[in-house]
Every structure is written in C-alpha cells, then in structure tokens.
Amino acid sequence: MSDITTASNFLTAILSSSIKYKEMASSIKSDVEEKITTEESIKDLIKSFKNDDLVFVLGAGVSIDSGLPNWEVLLQNLLLSNLEIGMNNSSENDFLLAEIFTKIFPKSLTISARYLQNNYSNSEDPLAFEKEIRKVLYKKANQNNLKSKLVDEIIQFCVAPGKSSNLDSIITYNYDDVIEKAISNLEIDLPYKSIYSPGVNPSFNELPIYHVHGFLPENEELTAKNKVVLSDSHYHEQYKNIYSWENIVQINKFKENTCLFIGVSFTDPNMRRLLDIANLQRGNNNEYHYLIKRRFDHEELKLDVVEALKKEADLSFEENEQNDFKEQEIDQLVSNLASMMEDFQEEDLLSFGIRTIWVDNYEEIPGVLKEIRTG
C-alpha cells in the first residue's frame with residue numbers, strides 16, 4: 001500500500017472518529033440544555049442592564065487593543081527585563097543571550113511568575129516587583145497611544161442618559177488603569193472609585209471598579225496597597241482567605257448580579273472556585289451569566305491539524321489528484337474539531353451557570369455591547 005493511500009486511510013479514520021465524537025457531544029449537550037440563541041442571550045442582558053443589575057467582568061483581552069500585553073507576554077517581557085538587569089546591560093551579546101534564554105525557559109507561566117516573585121523578594125524596595133511590572137506593562141502603550149473601540153464601548157455603559165450609570169459595577173483582573181483613563185478623558189464628570197485594597201468603599205453615586213488582582217496606575221505613586229496577584233503563591237493566599245475583600249466582592253457579584261465576562265480566559269483557579277460557590281448559592285433559578293467569546297479560527301486550527309497529521313501519518317501535500325480529496329477531508333476534520341471544542345467549552349461554562357455568546361472575531365464585540373446598551 002502506498003504512503004498516499006495509507007495517509008488517506010488514516011485521515012479517513014480520524015475524520016470518522018471526529019464525527020462520532022461530535023454526534024455524541026451534541027447528544028449530551030441537548031440533554032443538558034436547549035440551544036440558546038445569541039438573540040435570547042442579548043435580550044436577557046438588555047433586561048439586566050435596564051434593571052441596573054449588570055456587572056462587567058474584564059480580563060486581559062480588554063486591554064490588548066490599548067497596547068498592553070496579555071499575561072503570557074507580560075511574564076515573558078518581565079523575565080527578559082530581569083535577565084538584562086542581572087547582566088548589568090553590559091553588551092549587546094548579553095541582550096541576545098537573555099532573549100534566547102526566554103525562548104528556552106520552561107514554558108509554564110506559573111514557574112515564570114514564581115521565579116520572578118522570588119527574585120524580587122530580597123530587594124530593599126518592597127515595591128520593586130510592582131514597579132518593574134508597571135514599567136513593562138505600559139511600555140508599548142506609551143509608544144503607540146492606541147485607542148480601543150472596545151474600551152470606548154464599555155465606557156458608554158458608564159454614561160447612560162439620565163443617571164451616572166446603569167452599570168452596577170466593574171470587576172477587572174487587570175492591573176492597568178485603562179478604564180479609569182478612558183473615564184477621565186470624558187468631557188463629562190463621571191464619578192468612579194478604583195477599589196484595590198480593604199477598607200475602600202465607593203460613595204452612593206460612584207461607579208465601583210474592583211481591581212481584585214491589584215492595581216498599578218501608570219502615573220500615581222505606588223504604596224503597600226498596590227501589591228498584585230501574579231504567582232501561584234499569591235493565588236494560594238487567596239485560596240486560604242475566603243473572607244478577603246476580593247473574594248467577598250466576587251462571590252457577592254457572581255451570586256446577586258448578572259455578569260458579562262469580556263476578555264476572560266477562565267483559567268484562573270480561584271475565580272472558578274468562587275463561581276462554583278456563587279452558583280451553588282444561587283440555586284436552580286434559571287438565571288445566568290454570559291461570556292463573549294471568539295470562535296476557533298479554522299485556518300489557525302488547520303495548521304495545527306496538518307502538522308499533527310504529518311507527524312503521525314507522514315502525509316505529503318504535493319499537488320496530485322488525491323490531494324484535493326485529502327484537503328476536503330482535512331477541512332471537514334477541522335470543522336468537526338472546532339465544533340467539538342466549542343461544545344466542550346460551552347459545557348464547561350454552563351457548569352458555572354454561564355452561557356456563551358460566540359463571535360467570529362474580536363472586532364465584533366463592541367457591536368454586541370452596543371446592541372445590549374441601545375436595546
């Protein structure tokens with residue numbers, strides 16, 4: 001049997017398995033809950049917004065358009081900066097060595113974060129770690145001065161006509177002051193309160209912005225209250241202290257309000273634990289939170305699939321008559337895998353009482369928010 005025939009048979013078998021898994025997943029999903037349309041989800045969010053019940057929960061994805069790094073890039077840049085400092089900026093070769101080291105450094109973000117935290121623990125400046133994070137955090141934002149349509153639309157929820165805000169509050173897992181700056185740049189006076197330490201409470205007319213992992217404003221002096229949550233040891237502290245202000249705020253909002261998650265990856269173990277607690281306390285009341293999430297990119301997924309197939313079955317993609325057939329099978333396999341992964345993620349989120357609003361690309365999110373705001 002030729003390599004092409006063997007590869008084709010292998011691909012056909014994989015495709016057949018993916019179809020079976022897809023059918024099984026769909027069957028399980030239909031037993032859990034009827035398919036909820038985007039229109040129904042938006043209708044529910046419009047109702048929550050009009051009832052002053054809506055809470056925005058923001059992750060790193062919200063700040064990326066403003067030129068700020070996600071967690072992975074932030075840690076990589078911190079590591080690189082740390083290595084350069086350790087080498088005393090002695091030569092261009094040292095810069096290159098530091099950059100190569102970050103490429104081969106263990107890929108675990110948890111290991112990187114813990115290494116960085118421990119490296120700063122003996123500094124004479126108790127805020128040396130936070131200052132270095134802030135320096136790296138705003139580096140490209142300062143250079144590019146980017147404007148974000150997503151942030152602009154989020155701010156529109158804070159200036160609803162007739163009152164200071166129809167938004168109950170904002171919870172952010174980001175250290176940055178992107179939201180605060182956008183509010184301050186408005187031509188109207190919109191009272192808000194950044195909350196990032198115990199004992200700070202908003203006034204009646206102020207919009208609370210809860211920085212539950214710490215707050216590093218770009219141009220303000222940092223104090224002991226600006227400590228951030230970054231490494232696993234920080235998360236362990238949050239695990240131990242269920243009654244910390246950060247945990248109490250999240251549990252209360254997850255339990256009492258309708259939350260819309262934007263730019264959140266749902267890999268934070270403490271957040272998942274708090275959602276579980278809140279979901280149990282809410283009971284079976286048919287009330288849900290929502291997440292706006294981008295669908296899997298088929299072209300990106302196809303590259304991974306082709307790479308895996310080449311490795312397992314030694315598939316070649318030279319032009320011949322059978323390649324068209326293989327291309328169709330690969331496209332079908334990619335479509336099935338994307339559907340399976342999206343079903344899997346929907347089920348995971350539903351276990352926390354969260355429904356998913358899918359978009360094809362991130363640029364659609366401001367439009368979804370506008371539909372909720374003006375509905």
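Looking across segment 60-81, just one residue is outside any helix (DSSP H, G or I) and of a type in the set (A, V, I, L, M, F, W, C), and that is Leu68. Close Cβ contacts (under 7 Å, 6 or more residues apart or on different chains) running from residues in segment 52-68 that are outside the structural domain of Gln156 (by TED's automatic domain parsing) and farther than 11 Å from Ser148 by Cβ to residues that are surrounded by 20 or more Cβ atoms within 10 Å (Cβ to Cβ) and at pLDDT 90 or above are absent. Filtered by the rule that a residue be assigned to a helix (DSSP H, G or I) and touching a strand residue (DSSP E or B) at 6+ places or on another chain (Cβ under 8 Å), segment 247-275 gives Val249, Gln250, Lys253, Phe254, Leu275.
Yes/no per residue for (1) in contact (Cβ under 8 Å) with a residue 24 or more places away in the chain; (2) out of contact with any Gly (no Cβ under 8 Å at 6 or more places or on another chain); (3) basic (Lys, Arg):
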{"residue": "Leu186", "(1), (2), (3)": "yes, yes, no"}
{"residue": "Leu190", "(1), (2), (3)": "yes, yes, no"}
{"residue": "Lys193", "(1), (2), (3)": "no, yes, yes"}
{"residue": "Pro198", "(1), (2), (3)": "yes, yes, no"}
{"residue": "Asn205", "(1), (2), (3)": "yes, yes, no"}
{"residue": "Val212", "(1), (2), (3)": "yes, yes, no"}
{"residue": "Pro217", "(1), (2), (3)": "yes, yes, no"}
{"residue": "Glu221", "(1), (2), (3)": "no, yes, no"}
{"residue": "Val229", "(1), (2), (3)": "no, no, no"}
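All conditions in (1) free of Cβ contacts under 8 Å to residues at least 24 places away in the same chain; (2) surrounded by 14 or more Cβ atoms within 10 Å (Cβ to Cβ) hold for Val368, with the sole exception of (1). A single member of Lys326, Lys310 is modelled with pLDDT under 85, out of contact with any Pro (no Cβ under 7 Å at 6 or more places or on another chain) and surrounded by fewer than 16 Cβ atoms within 10 Å (Cβ to Cβ), and it is Lys310.
Taking segment 188-226 as the search range and keeping residues that are among the hydroxyl-bearing types (Ser, Thr, Tyr) and more than 25 Å from the chain's Cα centre (by Cα), which one is surrounded by the most Cβ atoms within 10 Å (Cβ to Cβ)?
Here the answer is Thr223.
The values are calculated or read from the model by the stated rules, or taken from the named source; none is laboratory data. Predicted, not measured: the structure shown is a model, and the values here were computed from it. Positions of Cβ are backbone-derived with ideal geometry, glycine not excepted, and every protein chain shown enters the neighbour counts.
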